[in-house]
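So the structure is just underneath, and the comments pick up after that.
The values are calculated or read from the model by the stated rules, or taken from the named source; none is laboratory data. All values reported here derive from a predicted model rather than from experimental measurement. For neighbour counting, all protein chains shown are included, and Cβ atoms are generated from backbone atoms with ideal geometry for every residue, glycine included. We work out accessible area using only protein heavy atoms, side chains counted, and drop any ligands, DNA or RNA first. Shrake-Rupley method; radii C 1.70, N 1.55, O 1.52, S 1.80 Å.
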Amino acid sequence: MSANAFVRVENLTRRFGERTVLDALDLSIAPGEFVAMLGRSGSGKSTLLRALAGIDHDAGPGERIVAPPRRAVLFQDARLLPWTRVIGNVLLGADSPKRAERARGVLAEVGLAGREAEWPKNLSGGEQQRVALARSFVREPELLLADEPFSALDALTKIQMQELLATVCRNHAPSVLLVTHDVEEAIMLADRVVLLDAGRIALDRRVTSPHPRHRGGPEFEDLRDELFARLGVDFGRSQSYRPRREQEAAAPVAELQP
């Protein structure tokens, strides 16, 4: 466990009936560090998020959770109140004396300047998630917990939202724990990628490529291949997941000519 950790989880265990979801799990996140967590469905990722968010208070013996008081959660769906305009949704629960000014500022950051008076029903799915992102940052969180926030978006909007999240996080510098099933998303955004398996951290890899990152290249593909393999994806059986350089090496020369 790092001495400089800003977020610390020690010996976290959660059982549901006879099933152990988290098994004496340890995790640390440094100040301003972006950590992406991967794992198969049911591996305990969301359970860990709930514990860090303070929603789960079922502390076990020897368990320790240290997290900053200012925390925000970004969910899979925007969870906007349909009877409240955009500005009201962003301000939900905010108590800063300059809250209206701050709300307009974060809305501008996420590309929604001038949309304060819109109703949620008039926004696209991507725009609604931008409102949710603004709501998360209006309180200047020290820790952002993101639970597959872009999984319901189309491919293009998803890439745009990933880039936006990276930009906003660089501007505000919270510690981040992103739960995702998207291996490429994890590599593109995170300083570290951890893999949860059987209730424990089975893999912890630092991503050294500088931002902004680009999909492709040996380092990206090698880490992607390793993560997919640990998640049970066999590149040897799936042509669509094989790295481009391997596909080109295996293809006849005539097929590669323009």
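If we scan segment 16-26, do we find a residue that is closer than 25 Å to residue 211 by Cβ, outside any strand (DSSP E or B) and at pLDDT below 95? No, because not a single residue in segment 16-26 is closer than 25 Å to residue 211 by Cβ, outside any strand (DSSP E or B) and at pLDDT below 95. Of all residues assigned to segment 140-155, at least one qualifies as being open to solvent by 60 Å² or more (accessible area, probe 1.4 Å), at pLDDT below 95, not in a loop (DSSP other than H, G, I, E, B) and not polar (S, T, N, Q).
Mind listing whichever residues of segment 161-175 are of a type in the set (A, V, I, L, M) and either touching a helix residue (DSSP H, G or I) at 6+ places or on another chain (Cβ under 6 Å) or within 14 Å of residue 110 (Cβ to Cβ) (or both)? Those that are of a type in the set (A, V, I, L, M) and either touching a helix residue (DSSP H, G or I) at 6+ places or on another chain (Cβ under 6 Å) or within 14 Å of residue 110 (Cβ to Cβ) (or both): 161, 164, 165, 166, 168.
At pLDDT 85 or above, open to solvent by less than 80 Å² (accessible area, probe 1.4 Å) and over 18 Å from residue 159 (Cβ atoms) - does that describe any residue in segment 237-244? Checked against the condition, which is being at pLDDT 85 or above, open to solvent by less than 80 Å² (accessible area, probe 1.4 Å) and over 18 Å from residue 159 (Cβ atoms), segment 237-244 yields no hits at all.
Scanning segment 121-164 for residues that are within 16 Å of the chain's Cα centre (by Cα) and of a type in the set (Ser, Thr, Tyr) returns 136, 151, 157.
Taking the residues in segment 6-40 that are surrounded by fewer than 17 Cβ atoms within 10 Å (Cβ to Cβ) and touching an Asp or Glu at 6+ places or on another chain (Cβ under 6 Å) as candidates, determine which candidate is nearest to residue 190 (Cα to Cα). Among those that are surrounded by fewer than 17 Cβ atoms within 10 Å (Cβ to Cβ) and touching an Asp or Glu at 6+ places or on another chain (Cβ under 6 Å), it is 26. Only one of the listed residues (203, 196, 156) is of a type in the set (A, V, I, L, M, F, W, C) and touching a residue at least 60 places away in the same chain (Cβ under 8 Å). That residue is 196. Scanning segment 171-210 for residues that are open to solvent by 30 Å² or more (accessible area, probe 1.4 Å), under 14 Å from residue 33 (Cα atoms) and assigned to a strand (DSSP E or B) yields 204, 205, 206.
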